[in-house]
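For reference, the structure discussed in these notes is given below.
We did not get these values from a lab; they are worked out from the coordinates using the rules stated. Since the model is a prediction, treat every value here as computed from it, not as a measurement. Methodologically, a virtual Cβ is constructed for each residue, glycine included, from the backbone with ideal geometry; neighbour enumeration extends over all protein chains shown.
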Amino acid sequence: MTTPRTGAHQRILAALGSQWLTAGQLRACTGMSNIGIKSTLLGMQRRGELRRRKLNDGCVVYAVAKGNKA
């Protein structure tokens, strides 16, 4: 059973599209608070809706997992 997506989930998926973005970039695109974006990203990552990658410079970026388009 999948949980219904909230408005925050839809905004994040729409902002990501097919690109990799940092949490800060997502915050700027969606207008969400820092704690709101972090908790939403964590929940989406746990459910497998997001992919997370840590770059060589230590920056963490997120992308939509396959099959989870807005």
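Given C-alpha coordinates of the range 7-64, what is the ratio Rg to Rh with the Kirkwood estimate of Rh?
So for the range 7-64, dividing Rg by the Kirkwood Rh gives 0.92.
When 59, 29 are sorted by how many other C-beta atoms sit within 10 angstrom of their C-beta, beginning with the fewest, the order is 59, 29. Close amide H partners of residue 22, meaning residues 5 or more places away or on another chain with modelled amide H under 5 Å apart, are 62.
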